[in-house]
Amino acid sequence: MYYGTADALLRGIVPYRDFVSVHPPFSSILLGATSGPIGVLWGPRVGFLSARVLAALAGAVKVWLLYRCASRLVDRRAAVLTSVLYTTFTAAVFAESRVLLDPFMVVLAVAAVTVFLERESRAGALAAGALFGLSVSTKLTGAVFFLAAVIVGLARPSDRRRALDCAGAALGTFTLVVAPFVVLAGIGPFVRQVLLAQAD
């Protein structure tokens, strides 16, 4: 389904306007820019296979990022344990062998947390916010990671300014991703399909 949405976008068929899509558009942009051209050149089966490979690569990167986060927050032993537990978690293995939104949404969120932890600067906060914005524009549940990070940042006086920068960058990135689709489809269809459909 998600590969099909990306393929449709490449052909000028706009989600929210020409067909119903209940998720934000970044996965369509990502798959349209990577697996979509492969599908155009070598057929949809090869394009879909490349999308599955991309999801598996997102899973591999996620393991590395989880290791880095746990190393930073606890120690290297905890980092190894975290990585091993994640790689043997059945739901994660299943998701990352399919073309689903979760592998992309989560890897972007974990990358954002990693950048926020490792780059203690305004630039790091802005980069983390941009990654959070892409995560939420892939699937709205990415907002859980984003809100948790911002709340923790605001609770620490030394990180308060960076948390606000991160939040601003996330909102700006989300707006940049969805704005073209809102312009093409209209705000009403976008809100009904992406926001209200999730509440049902």
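Nothing in this text is a laboratory measurement; each read-out follows from the coordinates by a stated rule. Predicted model only: the values in this text are computed from it and were never measured. Please note: Cβ atoms are built from the backbone with ideal geometry, for glycine as well, and neighbour counts cover all protein chains shown.
The table below gives the values:
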| quantity | calculated |
| --- | --- |
| Residues Leu196 and Ala60, FRET efficiency given R0 of 45 Å [Cβ-Cβ distance, rounded to 0.05] | 0.80 |
| Kirkwood-type radius of the stretch 117-200, with distances r between different C-alpha atoms, in Å | 13.5 |
| Overall Cα dimensions of the stretch 1-86, principal axis frame, Å, largest first | 49, 28, 17 |
| Share of pairwise Cα separations in the stretch 32-175, more than 23 Å, in percent | 40 |
| Counting all C-alpha pairs of the stretch 159-200, share separated by more than 13 Å (%) | 63 |
| Dipole moment magnitude, nearest 20 debye, the stretch 37-184 about Cα centre, only Lys, Arg, Asp, Glu C-beta charged | 140 |
| Cα long-axis angle, helix 76-87 against the chain (0 to 90 degrees, to the nearest 10) | 20 |
| Cα centroid separation - the stretch 91-147 against the stretch 21-43, whole Å | 19 |
| All-pairs alpha carbon distance profile, the stretch 72-146, 5 Å steps from 0, percent | 3, 16, 19, 21, 21, 14, 4, 0 |
